[in-house]
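Asks: Just passing along the structure, written as structure tokens.
The values are calculated or read from the model by the stated rules, or taken from the named source; none is laboratory data. All values reported here derive from a predicted model rather than from experimental measurement. Neighbour counts run over all protein chains shown; Cβ positions are idealised from the backbone, glycine included. Accessible surface areas use protein heavy atoms only, side chains included; no ligands, DNA or RNA. Shrake-Rupley method; radii C 1.70, N 1.55, O 1.52, S 1.80 Å.
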Amino acid sequence: MTRLITDRLMLRRTQPADVDAFHALVSHFDVVRMTASWPWPADPAYTKSRCAPCDPAVGLAGPVFRHGQLVGAMGIMSREENGPELGYMFAPAHWGKGYATEMGVQLIAYVWAHYDWDAIRATAFEDNPASVRVLDKLGFTETCPTIGRCRARNGDVPLRSFTLPRPVNP
């Protein structure tokens, strides 16, 4: 099984046994309100449906652990015609500790080494400056604003769009 390991964290593909820990994560409105697809209130059936392992052909995504405890989730997957996209969410108790940046660096290095993608996309809701800071630290550049659906908020929300081109090897 693919595992990405940093000094403090470990990411692996999602497993059905992760359902309870994932459900606890998505039971925080402040977490899911910054995602596009997670419902509010948290729906156990939806959480279970999202705990199937990510197909390696489309990327790498899964839970992020610290000392065996699920602290968040992160992934880069290419499931749409728009190409690969980075997504992440972390439990409020773990915000501001640099976990998204730390694992993001490792995840991006992994996908550049294993996939032939030209670029990675990412979006952040306009009212999520912490996520924008993470994307900036990871080297993403802002492209154009847009509007995106937020299932938890039951509406459309202004989005900031970003891209990270594949590095050019010297």
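Asks: Is it the case that ARG121 is of a type in the set (D, E, K, R) and open to solvent by less than 80 Å² (accessible area, probe 1.4 Å)?
Replies: The answer is yes for ARG121.
Asks: Hey, another quick one. Inside segment 67-93, can you point out the residues that are open to solvent by less than 30 Å² (accessible area, probe 1.4 Å) and modelled with pLDDT of 95 or more?
Replies: LEU70, VAL71, GLY72, ALA73, MET74, GLY75, ILE76, PRO84, LEU86, MET89, PHE90, ALA91 - these are the residues of segment 67-93 that are open to solvent by less than 30 Å² (accessible area, probe 1.4 Å) and modelled with pLDDT of 95 or more.
Asks: Right, next: Tell me which residues, restricted to segment 7-20, are at pLDDT 95 or above and either acidic (Asp, Glu) or surrounded by fewer than 17 Cβ atoms within 10 Å (Cβ to Cβ) (or both).
Replies: Scanning segment 7-20 gives ASP7, ARG8, ASP18, VAL19, ASP20.
Asks: Something else about it: Of all residues in segment 30-55, which are hydrophobic (A, V, I, L, M, F, W, C) and surrounded by 15 or more Cβ atoms within 10 Å (Cβ to Cβ)?
Replies: VAL31, VAL32, MET34, ALA36, TRP38, TRP40, ALA42, CYS51, CYS54
Asks: Let me ask another. Answer yes or no: is there a residue in segment 103-118 that is of a type in the set (Asp, Glu), within 28 Å of ASP55 (Cβ to Cβ) and out of contact with any Leu (no Cβ under 8 Å at 6 or more places or on another chain).
Replies: yes
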